[in-house]
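The values are calculated or read from the model by the stated rules, or taken from the named source; none is laboratory data. Just so it is clear, the model here is predicted, and its values are computed rather than measured. Just so you know, the surface numbers come from the protein's heavy atoms only, side chains and all, with ligands and any DNA or RNA stripped out. Shrake-Rupley method; radii C 1.70, N 1.55, O 1.52, S 1.80 Å.
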Amino acid sequence: MKTFLKITMLCMLVFACKSEKKEAEKTPIQEPETVSLVPKLMHEVNGLTHCESVVYDKNKNVLLASLIGNREPGDGSIAKVSLDGKVLDTTFVKGLNDPKGIAITGNKLYVSDVTVLVEADLNTGEVIKRHTTEGTKFLNDVAIANDGAVYVSDTFNSSIYVLKTDGTFSEWLNSEALEHPNGLLKVKNDMYVAAWGNMVGPDENKKQSGNFLKVNMETKEIAKISKDTLGNLDGVQIYDKDNFIISAWRTGKIMKIDDKGTVEDLLTVGRSVGDILYVPETKLLALPMNIQSQLLIYKFEEVKK
């Protein structure tokens with residue numbers, strides 16, 4: 001009797017295992033859903049004459065964009081644009097010559113203007129002071145340090161200048177290893193550089209290197225992050241905790257890059273995309289288009305794969 005019971009239980013167990021196996025074979029394996037961020041064009045703002053750079057004034061919830069103008073003396077300006085793409089004021093700061101990079105700290109706006117770093121009142125747009133020193137040639141992007149110092153790249157000189165909090169303005173670093181710096185971004189103890197590039201290679205096949213670089217603010221050591229040349233880089237912003245977002249002027253590419261140099265193309269727009277803005281909290285991306293005299297406003301949206 002015991003033997004019979006054991007055989008019966010063994011048969012039931014085998015049958016149950018086979019049933020479970022068949023049921024498992026019938027049930028498809030559910031692949032986990034992945035979500036990616038995809039840029040969607042929200043607004044195309046026209047009539048911004050040779051728009052070069054853009055920043056976000058979070059206190060007033062508006063965008064400020066530098067307009068080079070038609071390169072006539074004094075026809076450059078800083079414009080105000082709403083987040084929904086309406087031009088509010090094209091001459092919020094006026095009387096500039098060839099404005100490029102802009103940055104905000106406290107109640108002040110700093111603008112690079114050829115050989116001069118302009119300091120303006122963020123509330124009124126009035127110019128407070130112009131800072132320059134002997135030897136500046138082509139001041140470009142502007143970055144603010146935690147201590148309030150204002151750094152500005154000089155692309156022609158392959159150097160970076162600094163306006164210290166005591167008001168002195170001088171060259172901070174000059175090196176061909178900076179590869180003619182364009183975009184600047186200060187993060188903790190490092191200055192990240194989107195380089196326009198040196199001319200490299202044999203005479204018949206020269207090209208501009210355009211790497212993504214990192215400068216240690218204490219030692220001034222320059223390290224190359226990108227594994228290969230990326231073209232004429234222009235803007236650089238924080239994308240998330242692990243990545244930056246950079247723009248390439250000539251190719252119109254917007255790219256994501258991490259600290260190890262891994263690159264992912266996010267978007268390609270027209271040639272001449274300048275000093276970009278990205279706001280991680282709202283996933284807003286603003287692209288100044290120099291030749292087109294436009295500002296393109298995108299929003300990154302979640303898309304399930």
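Here is how the numbers come out for the structure above:
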read-out	value
Cα-only Debye scattering, region 101-192: base-10 log of I(q)/I(0) at q = 0.15, 0.16, 0.17, 0.23 Å⁻¹	-0.50, -0.56, -0.64, -1.17
Of LEU117, LEU267, LEU109, the one that fluctuates the most in a GNM where the chain has Cα springs shorter than 10 Å	LEU267
Restraint check, LYS188/LYS214; LYS60/LYS137; LYS241/LYS283; LYS58/LYS224; LYS60/LYS94, Cα-Cα greater than 23 Å	LYS60/LYS137; LYS58/LYS224
Calculated [θ] (222 nm, deg cm²/dmol) that DSSP helices of n ≥ 4 give over the chain, each run adding -39,500 (n - 2.57)	-3000 deg cm²/dmol
Average accessible area per residue (Å²) across the chain - probe 1.4 Å, nucleic acids and ligands excluded	52
Residue of GLU176, GLU218, GLU44 that the Gaussian network model of the chain assigns the largest fluctuation, springs spanning Cα pairs under 10 Å	GLU218
Centre separation in Å (Cα based) which lies between region 261-305 and region 87-163	23
The chain - Kirkwood radius from inverse mean 1/r over Cα pairs (Å)	21.2
Solvent-accessible area, 1.4 Å probe, carbon plus sulfur percent, for region 156-305	48
Anchor LYS253: aspartates and glutamates whose Cα lies under 18 Å away (excluding residues fewer than 8 positions away in-chain)	GLU44, GLU52, ASP228, ASP234, GLU264, ASP265, ASP275
